[in-house]
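Here is the structure we will look at.
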Amino acid sequence: MAQMQAVTDADFEGEVLKSDKPVLVDFWAEWCGPCRQVSPILEEIYAQHGDKLTVVKMNVDENPVTPAAYRVTGIPTLNVYTNGEVVKQIVGAKPKAALLNELSEFIS
């Protein structure tokens, strides 16, 4: 299965904002139960749709600058970035079908 890449405050601009395809950023923390529920679902989505949508993870405890800049106040928060802009935000754990539905415009 495809392993999702971790991004940091330092490489966020290059890996996410300057990407030539949509990037879903999973803002998470190790102590967050719902984040652990969503992680394997996101890995499946990335494995199936990684050619159209890049999926990366950002640990909010280790990288406080970027989540603050994008007003991430609850986790898990999933932001989709296209051309350097947030085009969709999904807050909270959701089942795979709901996430696929929310992401359909980026993966179909």
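Structure summary
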item: Answer residue from segment 61-108, given it is without any contact (Cβ under 8 Å) to a residue 12 or more places away in the chain and hydrophobic (A, V, I, L, M, F, W, C) and is nearest to residue 31 (Cα to Cα) among those; result: 68
item: So residue 2, is it part of a loop (DSSP other than H, G, I, E, B), modelled with pLDDT of 95 or more, surrounded by fewer than 16 Cβ atoms within 10 Å (Cβ to Cβ) and of a type in the set (Gly, Ala, Ser); result: no
item: Some residue of segment 35-53 being in a strand (DSSP E or B) and either under 24 Å from residue 10 (Cα atoms) or of a type in the set (Asp, Glu) (or both); result: no
item: Of residues in segment 69-108 being assigned to a loop (DSSP other than H, G, I, E, B) and among the aliphatic types (A, V, I, L, M), the one surrounded by the most Cβ atoms within 10 Å (Cβ to Cβ); result: 75
item: Filter result for the condition that a residue is in contact with a Gly (Cβ under 9 Å, 6 or more places away or on another chain), modelled with pLDDT of 95 or more and closer than 22 Å to residue 105 by Cα, over 22, 76; result: 76
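The values are calculated or read from the model by the stated rules, or taken from the named source; none is laboratory data. Predicted model only: the values in this text are computed from it and were never measured. Quick reminder, even Gly has a Cβ in these numbers, built from the backbone with ideal geometry, and neighbours come from all protein chains shown.
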